[in-house]
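The values are calculated or read from the model by the stated rules, or taken from the named source; none is laboratory data. Quick caveat: nothing in here was measured; it's all calculated off a predicted structure. All Cβ positions, even for glycine, are placed from backbone atoms using ideal geometry, and neighbour counts span all protein chains on display. When the accessible area is computed, the model is the full protein with side chains, heavy atoms only, and any ligands, DNA or RNA have been set aside. Shrake-Rupley method; radii C 1.70, N 1.55, O 1.52, S 1.80 Å.
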Amino acid sequence: MPIIKSAKKRVRVASKAAVRNSKTKRGLKESLKALHRAVTGGKKEVKKEQSKAQSSIDKAAKKNVIHKNKAARKQSQVAKAAKKAASVTKVADHK
């Protein structure tokens, strides 16, 4: 345990930040998993899940939980997956 007052405060601040960061990461992972389930399941709610996933990616990047380049890469992957899922459902609807 730290003895110095400022070090004690850093421990408190760091623990609060760790909780906040893990909550943000969990939300990000859950939204990406939900999008993946929607895409693979061929559900109609792909757009809604895409929006949620992009929002959670933006929030994580804004809070510096993930790097901005990783956020950009994930955004691209999400858009690509949603676009692919949309084209698959349109082809399936026409048959």
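Per-residue extension of 0.36 nm, minus the Cα-Cα distance of Ile3 and Asn69, leaves a gain of 19.9 nm for this segment. Placing unit charges on the Cβ atoms only, positive for Lys and Arg and negative for Asp and Glu, gives region 2-53 a dipole magnitude near 340 debye about its Cα centre.
In this simple spin-label model, placing a label point 7 Å from the Cα along the Cα-to-Cβ direction at both Lys29 and Ser55 gives a separation of 2.1 nm. Taking 0.36 nm per residue of separation and subtracting the current Cα-Cα distance, fully stretching the chain between Arg12 and His36 would add 5.0 nm.
In order along region 36-51, the phi-based Karplus estimate (6.51 cos²θ - 1.76 cosθ + 1.60, θ = phi - 60°) of 3J(HN,Hα) comes to 4, 5, 5, 5, 6, x, x, 7, 7, 8, 4, 4, 5, 5, 5, 4 Hz; Gly and Pro are listed as x.
His36 exposes around 120 Å² of accessible area when a 1.4 Å probe is run over every protein chain in place.
Simple rule: put +1 on each Lys or Arg Cβ and -1 on each Asp or Glu Cβ in region 1-74, find the dipole, and look at Ala53, Asn21, Ala71; the Cα lying farthest toward the positive end is Asn21. Within straight-line reach of Lys9, meaning a Cα separation under 23 Å, sit the following lysines at least 8 residues removed in sequence or on another chain: Lys23, Lys63.
Note on the chain: dipole from Cβ charges, positive end direction compared against Ser31, Ala86, Ile3; the farthest Cα belongs to Ile3.
Helix 68-94 axis versus longest C-alpha principal axis of the chain: approximately 20°, rounded to the nearest ten.
Calculate for the chain the 222 nm mean residue ellipticity that helices alone would give, adding -39,500 (n - 2.57) per DSSP H run of length 4 or more and normalising by residue count, nearest 500 deg cm²/dmol. Walk me through the numbers on the way to the answer.
Numbers: 3 runs with 81 residues, N = 95.
Value at 222 nm, helices only, nearest 500: -30500 deg cm²/dmol.
Return the subset of Lys16/Lys47; Lys62/Lys84; Lys16/Lys84; Lys16/Lys83 for which the Cα-Cα distance in this structure is over 31 Å, preserving the input order. The answer is Lys16/Lys47; Lys16/Lys84; Lys16/Lys83.
The mean sequence separation of alpha-carbon pairs under 8 Å and at least six residues apart, normalised by the residue count of the chain, gives a relative contact order of 26 percent. Pair-distance distribution P(r) for the chain, from all Cα-Cα distances in 10 Å bins starting at 0: 16, 35, 23, 14, 8, 4, 1, 0 percent.
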